[in-house]
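Student: Shown below is the structure under consideration.
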Amino acid sequence: MDDYQKMFHETRAEQMKLWRELAQDIFKEDVKNVQTIIDIDRIVEILNEVGENKALNHTFMPSGGGLDLEGSSLSSEPGRIELRFSDYGAHIVEPVSLTFNPIGEDPEWWYYRINTKSFEPCGIYNERENSQEENINETFKSSRDKEIEELSNYYGEEVVEISPKNYIDREHWNTGYYGYDENGYENRLPSNSRLITRMFNGGDFVIFSKYSTYNRTTGTYDARHNKVNDEVFRSAINNVVKKLSK
């Protein structure tokens, strides 16, 4: 075994230990049982513990791919929360439940599932489409409108938040300006402006250890978890664990 492999195995062993301890800290004596949380404040607390812990995570998105969760907070939009991912801004979702699934004895198969539901788009891109006659016909849509439509169908809508629940088109993030003041000068974006992705399509996330076999298997990035319900996915993971134990 070369030095890289040795270091990797040592790090992985330590991460599995931390992943187990994280769950034990959160759920205490109930760590061996499936836990379902529906209280939104408790969901935020747990996601913060997961995102800020030394036990590294990887979160698989409902649209495919994955990002490392850094934390969570209540959204300014009632009934919704923000998920924070490094360098990707905040993602607003409307949670239904958070489930902890301790499958088997090996913590690398213990995962968290966030179930979310769909909600209404903020409307700024609909207004854009409705104001442009060429959008009536697919043939005459601008490349910008096609991009917005494609991204919205896949991820949700990326917008710039200039104040709580006050959103403007994403393109203003690149220019640094939006609209005009009473003197006809462009308004500079407020210093506290930020990018927000409103995941209004809903869908589910799963969070595994960053060093888990699930994360190291490239095929799992196809959002397979979001194509089945909790029970079916849990059963599939359980079957994998059973096969590995033989």
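The values are calculated or read from the model by the stated rules, or taken from the named source; none is laboratory data. Remember, it's a predicted structure, so these values are computed and weren't measured experimentally. Neighbour counts run over all protein chains shown; Cβ positions are idealised from the backbone, glycine included.
Student: Identify the residue in region 50-83 that is part of a loop (DSSP other than H, G, I, E, B) and hydrophobic (A, V, I, L, M, F, W, C) and, among all such residues, is nearest to Arg194 (Cα to Cα). I'd like the intermediate steps shown before the answer.
Tutor: From region 50-83, those part of a loop (DSSP other than H, G, I, E, B) are 53-56, 61-65, 68, 75-80; that's our starting set.
Subset that is hydrophobic (A, V, I, L, M, F, W, C): 55-56, 61.
Values: Ala55: 28, Leu56: 25, Met61: 21 Å.
If we take residues in region 50-83 being part of a loop (DSSP other than H, G, I, E, B) and hydrophobic (A, V, I, L, M, F, W, C), then Met61 is nearest to Arg194 (Cα to Cα).
Student: Tell me, yes or no, whether region 175-193 has at least one residue that is in a helix (DSSP H, G or I) and not assigned by TED's automatic domain parsing to the domain that holds Lys54.
Tutor: Within region 175-193, the first condition is being in a helix (DSSP H, G or I), and the residues that meet it are 175.
Okay, now just the ones that are also not assigned by TED's automatic domain parsing to the domain that holds Lys54, so 175.
Checked against the condition, which is being in a helix (DSSP H, G or I) and not assigned by TED's automatic domain parsing to the domain that holds Lys54, region 175-193 yields at least one hit.
Student: Do any residues in region 214-229 that are acidic (Asp, Glu) have Cβ atoms under 8 Å from those of residues that are part of a loop (DSSP other than H, G, I, E, B), where the two are at least six apart or on different chains, and which pairs are they?
Tutor: Within 8 Å, the pairs are Asp222/Gly64.
Student: Taking only pairs six or more apart or across chains, which ones have beta-carbon atoms under 7 Å, a first residue in region 15-39 that is part of a loop (DSSP other than H, G, I, E, B), and a second residue that is among the β-branched types (Val, Ile, Thr) and surrounded by 16 or more Cβ atoms within 10 Å (Cβ to Cβ)?
Tutor: Val34/Thr99
Student: Right, here's the next one. Of the conditions (1) under 17 Å from Lys117 (Cβ atoms); (2) at pLDDT 95 or above, Ser76 satisfies every one except a single condition; which number is it?
Tutor: Unmet condition: (1).
Student: Return the total of residues in region 194-246 being under 14 Å from Gly66 (Cα atoms), of a type in the set (A, V, I, L, M, F, W, C) and part of a loop (DSSP other than H, G, I, E, B).
Tutor: So the first thing to find is which residues in region 194-246 are under 14 Å from Gly66 (Cα atoms), and the list is 203-212, 214-226.
Subsequent filtering for residues that are of a type in the set (A, V, I, L, M, F, W, C) retains 205-208, 223.
After this cut, where a residue has to be part of a loop (DSSP other than H, G, I, E, B) as well, the list is 223.
Residues meeting the conditions: 1.
Student: Would you please name the residue that is surrounded by the most Cβ atoms within 10 Å (Cβ to Cβ), looking only at residues in region 23-39 that are more than 14 Å from Asn115 (Cβ to Cβ) and of a type outside the set (D, E, K, R)?
Tutor: Within region 23-39, the match that is surrounded by the most Cβ atoms within 10 Å (Cβ to Cβ) is Ala23.
Student: Looking only at region 84-102, count how many residues are touching a strand residue (DSSP E or B) at 6+ places or on another chain (Cβ under 8 Å) and part of a loop (DSSP other than H, G, I, E, B).
Tutor: Of all residues in region 84-102, those touching a strand residue (DSSP E or B) at 6+ places or on another chain (Cβ under 8 Å) come to 84-86, 88-102.
Cutting the leftovers down to part of a loop (DSSP other than H, G, I, E, B) gives us 86, 88-89.
Number of matching residues: 3.
Student: Please state which one of Arg42, Arg20, Arg12 is buried (at least 18 other Cβ atoms within 10 Å of the Cβ) and basic (Lys, Arg). Don't jump to the end; show me each part of the working.
Tutor: Numbers: Arg42 fails: buried (at least 18 other Cβ atoms within 10 Å of the Cβ); Arg12 fails: buried (at least 18 other Cβ atoms within 10 Å of the Cβ).
Going through Arg42, Arg20, Arg12 in turn, the sole match is Arg20.
Student: Something else: Of the numbered conditions (1) over 20 Å from Asp230 (Cβ atoms); (2) free of Cβ contacts under 8 Å to residues at least 60 places away in the same chain, Asp68 fails exactly one; give the number of that condition.
Tutor: (2)
Student: Let me ask another. All but one of (1) at pLDDT 95 or above; (2) buried (at least 18 other Cβ atoms within 10 Å of the Cβ); (3) within 25 Å of Pro78 (Cα to Cα) hold for Phe233; state the number of the condition that does not hold.
Tutor: (3)
Student: Tell me, which residue of region 85-98 that is surrounded by fewer than 19 Cβ atoms within 10 Å (Cβ to Cβ) and at pLDDT 95 or above is nearest to Pro164 (Cα to Cα)?
Tutor: Only one residue tops the list, namely Val96.
Student: Going residue by residue through region 51-62, is there one that turns out to be surrounded by fewer than 20 Cβ atoms within 10 Å (Cβ to Cβ) and within 11 Å of the chain's Cα centre (by Cα)?
Tutor: no
Student: Another question, then. Out of the residues in region 143-164 meeting the condition of being surrounded by 12 or more Cβ atoms within 10 Å (Cβ to Cβ) and assigned to a loop (DSSP other than H, G, I, E, B), tell me which one is modelled with the highest pLDDT.
Tutor: Gly156
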